[in-house]
Amino acid sequence: MTTWSDLLPEILNNIAGKLDFYEDSVNFLCVCTSWKKSSSDITTKHSIQHLPSRLPMLMLAESNTDEDDEHELRTFLLLSNGGTMRKLPLPEVQRQRCVSTHGWLLTTGEQEFYTKLVNPLTRAQVDLPRLYMFDELYFDQDEWMYYLFSMRKVVFTSPNPLSSDPSFRVIIIWGRTIGFCQPGDVSWTRINGWEGHLFDISYHGARKRLYVVATMGTIYECDITNDVLCPKTLSRVTTFPGEEFECSCVPWAYLLEWGCDSLLMVTRERYYFKKHDDEYGRYGPYRTSRFQCFVFGLDDGKWSKITSLGGKAVFVGFNSSFAIDGGEGVKPDCIYFTDDLYEPYRGLPEGGGGDVGIYHMFNDRIETLFESQESVFRSSPPLWLQTSTLPIIKGIK
């Protein structure tokens with residue numbers, strides 16, 4: 001009797017040619033070794049790499065087991081397949097801190113603070129300058145330990161780091177520092193000019209500007225790709241008028257492009273538990289209680305509060321904040337969030353990071369995305385991956 005693994009290569013290639021989305025091709029290659037080998041010719045590879053990606057997916061935290069093989073595998077939650085879990089080999093990010101943007105991971109490690117970009121599906125890599133190669137940035141050993149765990153955000157000025165786009169930049173929030181580089185640079189260039197705590201960064205493709213949101217919801221901007229303007233200094237654009245919207249403070253905020261002439265600022269409120277509370281044992285020190293969304297018009301300089309995302313879903317966490325249309329597995333008017341406070345769990349043997357879920361804008365309900373144990377992390381938290389056009393797949397297990 002013929003088994004699935006014994007299907008003729010001609011039949012498998014015919015099936016592969018009818019797949020319309022990147023995620024479906026990943027699932028196809030994950031079935032077994034023979035299916036992967038049968039579709040390894042160059043024509044199939046190049047057809048797969050140009051397929052559109054239907055939805056984002058979530059890379060879960062690294063396994064907490066002591067088995068080396070498990071540490072080399074990472075589990076992905078595919079929203080497009082109704083929450084299907086897939087394990088892919090990814091030894092390149094083993095025990096590394098990761099943040100994500102445009103389907104790529106930026107990894108950092110203790111060894112001389114190296115950084116690189118890794119594509120989790122294709123395992124393509126791009127080397128970046130070491131983190132200590134910041135212009136005019138010096139600090140003592142205690143600050144090194146702070147910075148080690150403080151890679152918070154990365155954004156690109158264009159989606160593909162493998163392209164020859166001369167305007168491509170990688171921009172990061174690292175501790176109390178914003179910096180940028182191009183692949184091939186020997187050092188990071190520092191960006192100055194903000195006050196307070198850094199919340200988020202976003203590159204507005206239509207405006208060709210980097211936007212930064214900091215304490216009190218103050219937003220700054222910078223022309224990051226203009227090589228004439230150096231050193232780079234942020235200019236203040238606006239400060240969120242909290243009293244106008246009955247917001248006494250901005251505890252945490254995310255920023256993303258919202259159409260060609262606006263920014264969306266998403267504020268996040270957390271409830272903190274006491275150690276004797278039952279919730280402390282279940283969730284950890286805190287739990288997200290509410291999100292609010294505000295739009296800032298870049299042309300008219302006006303703020304407005306919105307209670308609906310217009311059918312879109314927003315994704316926030318240690319990823320670059322982004323929005324997509326709801327449907328086909330993604331719930332509209334929802335905010336998909338992961339835990340992005342590392343400090344409360346640093347050094348704890350049980351790890352942390354259970355503050356993960358789906359926030360429904362219309363009724364403030366928070367829905368569980370998966371069992372919190374799947375999100376517990378010690379080195380790198382769960383990350384949303386905004387998949388885009390990707391290079392050739394390899395290493396699918």
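The values are calculated or read from the model by the stated rules, or taken from the named source; none is laboratory data. Being a predicted model, the structure only gives us computed values, none of them experimental. All Cβ positions, glycine included, derive from the backbone under ideal geometry; neighbour counts span all protein chains shown. Heads up: the accessible areas ignore ligands, DNA and RNA and are worked out on the full protein's heavy atoms, side chains in. Shrake-Rupley method; radii C 1.70, N 1.55, O 1.52, S 1.80 Å.
Summary of computed values
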| read-out | value |
| --- | --- |
| Where I324 falls short, out of the listed (1) part of a strand (DSSP E or B); (2) in contact (Cβ under 8 Å) with a residue 60 or more places away in the chain; (3) open to solvent by 20 Å² or more (accessible area, probe 1.4 Å); (4) over 23 Å from G205 (Cα atoms) | (4) |
| Candidate set: the range 177-192, residues that are part of a loop (DSSP other than H, G, I, E, B) and open to solvent by 40 Å² or more (accessible area, probe 1.4 Å); chosen: the one modelled with the lowest pLDDT | V186 |
| Within the range 247-259, considering residues that are touching a Leu at 6+ places or on another chain (Cβ under 9 Å) and not in a strand (DSSP E or B), the one least open to solvent (accessible area, probe 1.4 Å) | W252 |
| Failed item in (1) at pLDDT 55 or above; (2) out of contact with any His (no Cβ under 8 Å at 6 or more places or on another chain); (3) not hydrophobic (A, V, I, L, M, F, W, C), with P159 passing the rest | (2) |
| Selection status of A313, in contact (Cβ under 8 Å) with a residue 24 or more places away in the chain, part of a strand (DSSP E or B) and among the aliphatic types (A, V, I, L, M) | no |
| Residue count, the range 92-107 (criterion: in contact with a Leu (Cβ under 9 Å, 6 or more places away or on another chain) and open to solvent by 10 Å² or more (accessible area, probe 1.4 Å)) | 4 |
| Any chance E244 is touching a residue at least 40 places away in the same chain (Cβ under 8 Å) and in a helix (DSSP H, G or I) | yes |
| Pair list, Cβ under 7 Å, 6 or more apart: the range 64-86 residue surrounded by 15 or more Cβ atoms within 10 Å (Cβ to Cβ), other residue in a helix (DSSP H, G or I) and modelled with pLDDT under 65 | L78/E23; S80/E23; N81/E23 |
| Condition broken by L264, with the remaining ones in (1) crowded, with 21+ Cβ neighbours inside 10 Å; (2) under 17 Å from R152 (Cα atoms); (3) at pLDDT 90 or above satisfied | (2) |
